[in-house]
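Down below is the structure, laid out as structure tokens.
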Amino acid sequence: MHHETHIVRQYLRHDKKFPHVWCPGCGNGIVLGALIRAIHHLDYAKDDIVLVSGIGCSSRMPAYVDFNTLHTVHGRALTFATGIKLARPLLKVIVVMGDGDAIAIGGNHFIHAARRNIDLTAIIVNNSIYGMTGGQSSPTTPYGMRSTTAPYTHIEHAFNISELAATAGAAFVSRGTVYHAQLLQGLIEKAIEKKGFSVVEVISQCHIQYGKLNQLGSHIDMLKWQKTHAIPIEKAADMPGDQIEGKFTIGVLVDRELPIYSREYEKTREKARGCSPESQ
Ligand SMILES: Cc1ncc(C[n+]2csc(CCOP(=O)(O)OP(=O)(O)O)c2C)c(N)n1
């Protein structure tokens, strides 16, 4: 068996939770593979990791892996993850969400988790659509594209997830694609190692819903699109604006040091144990 495949198999609940629900050609398997290889490479014990999700296709990930896992309600993964992190700060808490889960129903939680700089890693699989429920528009469906709720084309403008995370105060923001699987593994490693709220936005393909409605071809065609439209952030700095138009940057977009919520919370608890707030 191929070495990389063998590593991934060690982490799967392969005799319990399979076959998985993902369509052939979906990007979610590549994201899960990159996540597992990142954790393996960083040498974390399975029990040190908590994988939390909400609801959606990508949110099925925790079911398939043998970490501490929590499959919560739609849009609320970050709130459950926050509770875990505050109760058990030594655990590495990773949250996987779809664009709808993280930015539509969970958008408010996302902004405030970033603002508070809670030490979590958020992996957002951005396939520009609600995959699980049949292809409705999400906040990342681009203007002019089709969905089942926008059959005459979408008239709203898409959120840029990474820019939103950066503006809301995340300590680490990165963007990758499932086409660039090795880069993705590296970004996930950096995000997990980062102290503070770290985000990995992953551009992925839903060729079954989004691709079909917009005549984007097969999953292979959509992967090729990722290849031709992603520009490494280092390269983008030297490119004229018209060459960047319609494309997106990949790599580490933000990396900064900010006070971490769980540490601040611990300090506050110490103060509260010692004396009343007035005497501080
Ligand atoms: C409170 C609530 N509202 C709506 C739903 C229905 N629902 C399930 S998944 C989903 C959207 C998933 O889209 P996304 O987060 O982009 O994930 P994907 O399936 O594309 O991976 C919705 C609306 C739900 N389960 N719970």
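The values are calculated or read from the model by the stated rules, or taken from the named source; none is laboratory data. From a predicted model like this one, the values you see are computed outputs, not experimental measurements. No Cβ is skipped: glycine too gets one built from the backbone with ideal geometry, and neighbour counts run over all protein chains shown. Accessible surface areas use protein heavy atoms only, side chains included; no ligands, DNA or RNA. Shrake-Rupley method; radii C 1.70, N 1.55, O 1.52, S 1.80 Å.
On average, how much accessible surface per residue is there in segment 83-231, in Å², for a 1.4 Å probe, leaving out ligands, DNA and RNA? Display every interim value, and only then the final one.
Numbers: 5990 Å² over 149 residues.
With all protein chains present, segment 83-231 gives 40 Å² per residue.
Kirkwood hydrodynamic radius (Cα pairs, Å) of the chain?
Computed over the chain, the radius equals 19.3 Å.
How far apart, in nm, are the 7 Å Cα→Cβ label points at Arg263 and Cys23?
Simple spin-label model gives 4.4 nm for this pair.
Rounded to the nearest 0.05, what FRET efficiency do Ala181 and Asp221 give with R0 = 22 Å and r taken as the Cβ-Cβ distance? Could you check?
With R0 = 22 Å, the Cβ-Cβ based efficiency is 0.80.
Only Cα pairs under 8 Å and at least 6 apart count here; give the relative contact order of the chain as a rounded whole percent.
Result for the chain is 17 percent.
If you fit an axis through the alpha-carbon atoms of helix 261-274 and take the longest principal axis of the Cα set of the chain, what angle between them do you get, 0 to 90°, nearest 10?
Around 20 degrees separate the two axes.
Round to the nearest 10 and give me the degree value, 0 to 90, for the angle of helix 181-193's Cα axis relative to the longest principal axis of the chain.
The answer is roughly 20 degrees.
What FRET efficiency comes out for the pair Asp66/Asp242, r = Cβ-Cβ distance, R0 = 51 Å, nearest 0.05? If you can, show how the numbers build up before the last one.
Values: r = 49 Å, r/R0 = 0.95.
Approximately 0.55, to the nearest 0.05.
Ratio of alpha-carbon Rg to the 2.2 N^0.38 Å globular estimate for segment 191-246, to two decimals, please.
1.48
Do the alpha carbons of any pairs in Lys190/Lys235; Lys85/Lys227; Lys194/Lys224; Lys190/Lys227; Lys16/Lys190; Lys16/Lys85 sit beyond 25 Å of each other, and which pairs?
Distance filter (> 25 Å) returns Lys85/Lys227; Lys194/Lys224; Lys16/Lys190; Lys16/Lys85.
Calculate, in whole percent, how much of the Cα-Cα pair population of segment 226-265 lies beyond 12 Å.
Tail of P(r) above 12 Å: 66 percent of Cα pairs.
Treating the angle as unsigned and between 0 and 90°, give the value, to the nearest 10°, between the Cα long axis of helix 77-87 and the longest Cα principal axis of the chain.
With rounding to tens, the tilt is 20 degrees.
In segment 1-134, what is the volume of the convex hull around the alpha carbon atoms, normalised per residue and reported in Å³?
Here the figure is 109 Å³ per residue.
Give me the percent of the accessible area of the chain that comes from carbon and sulfur atoms, probe 1.4 Å, all protein chains in place.
The C+S portion of the solvent-accessible surface of the chain is 55 percent.
Report the semi-axes of the equivalent ellipsoid for segment 139-280 in whole Å, largest first, where each axis is √(5λ) for an eigenvalue λ of the Cα gyration tensor.
Numbers: eigenvalues 291, 71, 42 Å².
Ellipsoid semi-axes (Å, largest first): 38, 19, 14.
Taking 1 over the mean of 1/r across every pair of different Cα atoms in segment 68-221, what Kirkwood radius in Å do you get?
Working: mean 1/r = 0.0631 Å⁻¹.
Mean inverse Cα-Cα distance, inverted, gives 15.8 Å.
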